[in-house]
Amino acid sequence: MEDRSAPGALFIAFEGVEGAGKSTQIKLVANELRGVGIEPVVTREPGGTRAGEAIRAVALNREIDLDPMAELLLMLAARSVFVREVVRPAYDAGRIVLTDRYELSTFAYQGGGRGLSLDSIRELNHLATGGLRPDLSLILDVDVDQGRARQARGAADRIEGEGLDFHRRVAQAYRELAYSQPDVALVDGREEIERVFAAVWGVLNSRFPETFPPREG
Ligand code: Z5A
């Protein structure tokens, strides 16, 4: 399936370890876009659809044991529905889609974290998505400890509950992905929220100036 779509369409994924600030930055980007008259589609993975939310509940449930391959296939099952029901229709209609996680999460968590082969993930992901890739994946880079410290103290889900080593491998995998592909940008997420947002918007403006104009002030 070819990626290109209606004029104006953009598909942007926000990525990073837990607590990196993805949801926070997506909200800020969406608000800024509304200020210039654009209503983006804001969504998340795994989830974003009824089936996806049900799969998320299984995939993140601490009470359910999953081997790495089963975990991968659940993520990709959710993604298949997500692309068909949310991303593809919006993209074809010329909308801007902002998603909290997409394929780089799979490379980082199931590849870097769980140790599954990146080639197998690439192949299966291609089947699940029909080849639909983000125009840009924006990784918010924070130290694992910092990201964890930002999270509200609640019960950790099945993946959050993994050890520090697992999460460090995930963070390292993200950094390697950032340096291996031109449609991936790495932003320093360690600064205060407004400074991170300025950097995020700066990247978006430099890549897609017609959609993300320079901010005033
Ligand atoms: N997963 C997978 O394994 N494979 C896959 O293919 C996919 C997913 C798609 C879903 O988690 C889990 O699924 C995830 C990977 C796995 N597991 N883990 N770990 P999720 O995306 O729903 O949740 P999360 O990423 O773990 O956490 P999060 O809360 O959504 O993180 P966030 O969106 O990056 O952070 P935030 O909500 O914007 O901010 C967290 C707090 O920090 C909040 O109080 C903010 O006000 C604060 N914050 C944000 N930015 C800052 C800055 N710059 N300074 C200070 N405080 C800040």
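The values are calculated or read from the model by the stated rules, or taken from the named source; none is laboratory data. None of these values were measured; they are calculated from a predicted model. For neighbour counting, all protein chains shown are included, and Cβ atoms are generated from backbone atoms with ideal geometry for every residue, glycine included. Note: areas computed on protein heavy atoms with side chains; ligands, DNA, RNA excluded. Shrake-Rupley method; radii C 1.70, N 1.55, O 1.52, S 1.80 Å.
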Dipole magnitude of region 18-108, debye to nearest 20 (Cβ charges: Lys/Arg +1, Asp/Glu -1, about Cα centre): 320
Antiparallel content of DSSP bridges confined to the chain, in %, to 5: 0
Gaussian network model of the chain, Cα within-10 Å springs - most flexible of Glu18, Glu39, Glu71: Glu39
Sequence-separation-based contact order of the chain, relative, with Cα cut under 8 Å and 6+ spacing, percent: 31
Karplus-derived 3J(HN,Hα), 6.51/-1.76/1.60, for each residue of region 55-62, Hz, glycine and proline x: 5, 4, 4, 6, 5, 9, 6, 4
Mean Cα-pair separation over length for region 123-216, i.e. relative contact order, pairs under 8 Å, 6 or more apart, %: 33
Value in Å of the Kirkwood radius, where region 74-217 supplies the Cα pairs that are averaged: 16.8
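Apply the Kirkwood formula to region 34-82: the hydrodynamic radius equals the inverse of the mean of 1/r over all pairs of different alpha-carbon atoms; give it in Å with one decimal.
11.9
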Full-stretch length increase - Asp143, Ile38 - with 0.36 nm per residue and alpha-carbon distance subtracted: 34.5 nm
Distance from region 74-99 to region 112-155 (C-alpha centre basis), Å: 16
25 Å tail of the calculated P(r), region 1-142, as % of Cα pairs: 25
Among Ala57, Ala90, Ala20, residue whose mean-square fluctuation peaks in a GNM of the chain (springs only between Cα atoms under 10 Å): Ala57
Order of exposure, largest accessible area first, which applies to Glu15, Glu63 with probe 1.4 Å: Glu63, Glu15
FRET efficiency, Leu66 to Arg190 (Cβ-Cβ, R0 30 Å, nearest 0.05): 0.40
Residue-by-residue Karplus 3J(HN,Hα) for region 96-109, coefficients 6.51, -1.76, 1.60, Hz, glycine and proline x: 9, 10, 10, 10, 8, 5, 7, 5, 5, 4, 5, 4, 6, 7
Distance between modelled label sites at Asp157 and Ala57, nm, 7 Å Cα→Cβ extension: 1.3
Simple Cβ-charge dipole of the chain, Lys/Arg +1 and Asp/Glu -1, about Cα centre, in debye nearest 20: 300
Among Val97, Val170, Val42: highest mean-square fluctuation, GNM of the chain, C-alpha pairs under 10 Å: Val42
